[in-house]
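The values are calculated or read from the model by the stated rules, or taken from the named source; none is laboratory data. Since the model is a prediction, treat every value here as computed from it, not as a measurement. We place every Cβ from the backbone using ideal geometry, glycine too, and count neighbours over all the protein chains shown.
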Amino acid sequence: MAWKYPKYDIRNGYVVDVDPINDNFLAVVNEVSGSLNEHNFEADSTALTRDQLAEDAAMHMHISRKDVTTSLPVKSNWLSVAQQDGWQTFSGAGAKMDFDSTGAMTWLCASFQLMDTGGVITKRQKGFGVLVALRLDGAVIYDSLLGSGDSGTDFFNGFENRAGRLSMGSVSSANRQDKQSTPYGGGGLAGARLPVCVDAMVELTPGPHTLEIAVRNIMGHSENVYVTARELFALELIR
Amino acid sequence: MATYKYLETGTNFNASELNLRFDQVIGTNKGLNAIKLEDCALGAFRHNMLPRVIHSSDLTVMPPSRDFATERNVGFGVTTSSLDIITHEFPSPLSLDMDSDDNVSSVVVLANVLINNFKTKLEIVESGEVIDKLKPNEDVNYIEIFLEIETTETPTPIALARTNRALSPRVTIDSSSNFCIGFDGVDLDTFQDVSIRTVITADDFAAWGGKLTHVRLKLRKPTALDKAVVSQSVTHSKSNITAIPLHAKVTSED
């Protein structure tokens, strides 16, 4: 509220008292102490420039990341996904971020690399992979989930987990494509090497929060699964 | 913030006492003549009175979209070697320093490219067994994709190691549950969208300094790729890169 008028109209002949004086002054003082609003500023004026704004006047970016090579067989700073069912998280830069929020709509994002290879050349196609999502304060954000794993729609069977038959010699070229069937694939994010990006918009409460990359190894099946190069960030859109 | 000394009962009501209170409210550099940020209520300023908080302060009008994003909306391209997929050049070099004229602390980058196809020939000997060369093997067939930046001072582009990504062909599954590995077994349609998100700060080029000029999405043939085993070509098509400079406080939580 910005429109202010004298609370007391002091006129000739009135008894002088301190209260009308104090109240008339306080109407102005209170307004200038944190209550100035759009009524106090000319609408067409250019009031502020960027360098007059505080750093966090509009946004606050929290970042956590880890430089990692994807080359084998080094595996330096790779995070290993255990062969177990259920959601897994990790500690360390780029995989877990503790931050204090001022309380705002916040863009949460994780961008990272999944590896499903041990560095040893095998003839198995990758499959029965993993689900990935963001986990905030211990709760998986299902809006951010990538992957499936529904055995009713995904095809998991395969001969020796292979993508194609051992020998193509007996298959005519006309039928080759069909006959190269039954690889072992489907189910979550599958593949030897797969870049992943998951994000969500969340209204955060003020205070400390923990953001993590969460990975679920479907049925604990896949081995040699890793999270390598990774980055987490949270952009608070304060106002 | 204005202060006010209460006029107490019994105080002499004279000019001095009145002037003291006028001075506190409308005196030189006091009260109404010294409005501070905390004196304004939340939302006190209309949108036209506030500066933009994206891109450089030097831009006084809403920048065109090309200042934020570059698109490569073209047909298929085939490469057998490393290449620049797409480059975004800032309209003017950016200083990632909130104390500079740009008033920018960081740049959020969203990069995407569609990898359509891997074409490869494999012939692998594993434990004495010759694996059919028509069988795709992801362990040895992949490409690397990453982001790099340039500044006015860097002699060569700086690769951002945290954006190192690798992509293997995977398999293609058709509606009849047949897994097709492509024509003649060496032509792998994959249709995978590679997405990379990152935040660029001044720390990324602290060793060189300067102003940020370019962000580039690159494809790299892996150095570990065994040329005797894999003869690779990759088809790529649509790509885009969005780079949004922000007036924001940045906190590294590592």
> With respect to the numbered conditions (1) modelled with pLDDT of 85 or more; (2) in a helix (DSSP H, G or I), which one is the sole condition not fulfilled by B:E38?
Replying inline: (1)
> What is the one condition in (1) more than 22 Å from A:P195 (Cβ to Cβ); (2) under 31 Å from the mean Cα position of the chain (by Cα); (3) of a type outside the set (D, E, K, R) that A:H39 does not satisfy?
Replying inline: (2)
> What are the residues in segment B:60-81 that are free of Cβ contacts under 8 Å to residues at least 24 places away in the same chain and either aliphatic (A, V, I, L, M) or surrounded by 17 or more Cβ atoms within 10 Å (Cβ to Cβ) (or both), if any?
Replying inline: B:V61, B:M62
>> Filter segment B:110-158 down to the residues that are out of contact with any Pro (no Cβ under 8 Å at 6 or more places or on another chain), in a loop (DSSP other than H, G, I, E, B) and modelled with pLDDT under 55 and list them by number.
In response: B:E123, B:D132, B:K133, B:L134, B:K135
>> Just to verify a result, which residue in segment A:17-38, among those that are in a loop (DSSP other than H, G, I, E, B) and not hydrophobic (A, V, I, L, M, F, W, C), is farthest from the other protein chains (Cβ to nearest Cβ)?
In response: A:D17
>> Whether any residue in segment A:44-56 is over 17 Å from A:A110 (Cα atoms), of a type in the set (D, E, K, R) and at pLDDT 85 or above is what I want to check.
In response: yes
> Do you know which residues across segment B:6-33 are in contact (Cβ under 8 Å) with a residue 12 or more places away in the chain and more than 9 Å from chain A (Cβ to nearest Cβ)?
Replying inline: B:L20, B:K30
>> If I filter segment A:97-115 down to residues being under 14 Å from the mean Cα position of the chain (by Cα) and hydrophobic (A, V, I, L, M, F, W, C), which single residue comes out as farthest from the other protein chains (Cβ to nearest Cβ)?
In response: A:M105
>> I'd like to verify a number: residues in segment A:39-83 that are over 18 Å from B:D102 (Cβ atoms) and facing chain B (nearest Cβ under 8 Å), how many?
In response: 19
>> I'd like the full set of residues that are without any contact (Cβ under 8 Å) to a residue 40 or more places away in the chain and either surrounded by 19 or more Cβ atoms within 10 Å (Cβ to Cβ) or touching a strand residue (DSSP E or B) at 6+ places or on another chain (Cβ under 8 Å) (or both), limited to segment A:55-79.
In response: A:E55
>> What's the total number of residues in segment B:8-23 that are within 18 Å of A:L26 (Cα to Cα) and outside any loop (DSSP other than H, G, I, E, B)?
In response: 7
> Which residues, taken from segment A:222-239, are acidic (D, E) and out of contact with any strand residue (DSSP E or B) (no Cβ under 7 Å at 6 or more places or on another chain)?
Replying inline: A:E223
